Amino acid sequence: AAVVGSVTSFSYSEITLQINSIPSGGSFVVRPTSGSALSTAFSFNSLGWIVDSDNLPIVYAFFYATNTLGPMLSVSKRSTANSATSTLPAGLQSLDYQLISSVVVYDIFSASASINGTVTVRQNSSVVTSFYLAQQIAAFTATGDVGSITTSINSVSTTLNVVDCSKTNASFCDSLNRGACISVPNTCSGCISGYVGVIGSSNRKCLPAGGNNGAVGSTCLSNSECVLGLCSSGVCVEPVKQCPSQCSGAGTCIFFDLSGNQLAKPCKETDTSCTAKCSCNVDFAGADCSLTTTAFIEKGNTRGNLCKAMLLIANSSSPSSALLDTLVSSLLSAYDPIEVVSSDGITACSSVLKICTQLAQDGYLVGASDSTAIYLMQSLSSFFVSQSLSVTSGRRLLATTVSNDIDTAITGISKGLLKTLVDGQNFDIVSENLQMTLTKHSVESLVDSVIQPALTESQSSYGAVSPQLHFGSAAAANAINTGSGYSSIAVMQYGSNPHPNSNALTSTLFRVQSSAPSTASSLSGPAIYFITLPFIKKGN
């Protein structure tokens, strides 16, 4: 408003935004409703979707998942075809072999709607996954059918990821107030909503949230009365961390710090700076020592071949958000850092990660699925090779190469993610080995502010402290002004040390990345920053 004499004048501007409605009114069905893994042909069909005439064409994409926590894996790439036919992997035994089926329908502006269903797929022991994959790669070489080979990759990787849950059925996990056995053999998944307990997969009972019932130090009569699941001499105490499936009786549980150094004694459940891993006996291998050496090598080789097949897809496809979606979800499902040990397998999977990173940096996260950025960071997290895995000079050299790739990938992914943010937005991505917060805020709001990475569920629940970046002066904030009065910053902490030759760290690794100003400018004073790094070990 402006005052001239005794007259007050007002002015304003107005913008009218028209938002298109999402597709609606459609149906989705999968036929048959049950079948056998990697042999039954399932037909995905979706009909009856309504969009405004100027929002055409309608585009369809079909997916499946083994559980609500895992990635949605592609049955078909986005296309105007409202049906797709494919074989599928077996569902999880603990979930009665049911897969989640899904269709996502897009209009021309990428506004989307989805419908989920279920389909039952039982195991098929007559199909050998390595032979099946070889046949599908040969078929792709002959036909160039990207959709078919993508589905085959996902079906094989899902089959490889199935774990034995025969001793932990749904009723057992229900009695512990935990989710079904999914990713750790014969172990229930996390606490269900409204309950608290040991974070992640465990067979210790979860208790109702609220109050101090069962806290360490409180009195108890049984393990089920303690929030961490251990009652000793009438008092709730903190248990020692456990290895997966207690190493299946074929190995020894040993403990490592975040740099992969073996610890002299076991660490407690709430110690987020320590991990428990199996050291397998001769002739056994795998995360829980449940595999024979022969089976372990075969699984690793098959996973390496899955990555090689992904490279075929990448090399035969144009860069796009849809390609990024496909490669990221497939890589997350296919790669296992414990099982992929051959140099050519690691090289192939690392090459897929590099392609995904470049696509993200080039801006293809814009238009990608909402979950793709999270899946990409989870995939990157799985490439961390700690000192504990670098047991040979060849593996150690390879670990050094991969650690360099990780740093390059983080830079590229961060750049891509920052491009997707709007002014004033924060975005958190949390995985086991990477915890990142990205922010795009006004320079003025940064003065005397603190930015810190997001925490994992266990870090948050067990009271871990994250590193912090404190802007101690206006000049410090202005130093990263992109020219629009806003700054783009990514702060990240490593959940484990990816650098195999740095094994004496006493604090978490902290990384800061920001967008540089478009033009050089002088600062009004010293740029003062304060970085706080928490120790991961107690001092002497």
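The values are calculated or read from the model by the stated rules, or taken from the named source; none is laboratory data. Quantities reported herein were computed from a predicted structural model and do not represent experimental measurements. Using ideal geometry, Cβ is built from the backbone for each residue, glycine included, and neighbour counts are taken over all protein chains shown. For accessibility, only protein heavy atoms count, side chains too; no ligands or nucleic acids. Shrake-Rupley method; radii C 1.70, N 1.55, O 1.52, S 1.80 Å.
Brief remarks on what is shown
- Ranking by accessible area, most exposed first, for 87, 302, 80 with a 1.4 Å probe: 80, 87, 302
- Heavy-atom accessible surface of the chain: percent carbon and sulfur, 1.4 Å: 53
- Remark: the residue 432-residue 139 segment gains 101.8 nm on full extension, using 0.36 nm per residue and subtracting the alpha carbon distance.
- When each of the peptides 177-185, 65-73, 105-113 is scored by how many other beta carbons lie within 10 Å of its residues on average, the order from highest to lowest is 177-185, 65-73, 105-113.
- For the stretch 239-329: rounded, prolate or oblate by the Cα gyration tensor [a/c cutoff 1.5]: oblate
- In the stretch 327-382, Cα pairs under 8 Å separated by at least six residues give a relative contact order of 59 percent.
- For the chain, the solvent-accessible area of protein heavy atoms averages 47 Å² per residue (probe radius 1.4 Å; ligands and nucleic acids excluded).
- Mean separation of Cα pairs under 8 Å and 6 or more residues apart, divided by the residue count, gives the chain a relative contact order of 8 percent.
- Under 23 Å of direct C-alpha separation, and excluding same-chain neighbours fewer than eight residues apart, residue 308 reaches these lysines: 77, 299, 354.
- The stretch 88-201 shape via C-alpha gyration tensor axes, a/c threshold 1.5: oblate
- Sorting the segments 460-472, 12-24 by their residues' average number of neighbouring beta-carbon atoms within 10 angstrom, most packed first, yields 460-472, 12-24.
- The chain: antiparallel DSSP beta bridges as a percent of all, rounded to 5: 95
- Packing, taken as the mean count of other beta carbons within 10 Å per residue, orders the peptides 348-356, 45-53, 481-489 from highest to lowest as 348-356, 481-489, 45-53.
- Rounded FRET efficiency, nearest 0.05, which uses the C-beta distance separating residue 237 from residue 362 and R0 of 51 Å: 0.45
- Candidate membrane-span-like segments in the chain, meaning DSSP H helices with Cα atoms spread over at least 15 Å of their own axis and a Kyte-Doolittle mean of 1.0 or above, are 321-334, with no membrane implied.
- Projecting label points 7 angstrom from Cα along Cα→Cβ for residue 254 and residue 370 puts them 4.4 nm apart.
- Applying 1/(1 + (r/R0)^6) with R0 = 45 Å to the Cβ-Cβ distance of residue 408 and residue 50 gives a FRET efficiency near 0.50.
- Label-point separation in nm, residue 279 to residue 22, each point 7 Å along Cα→Cβ: 5.2
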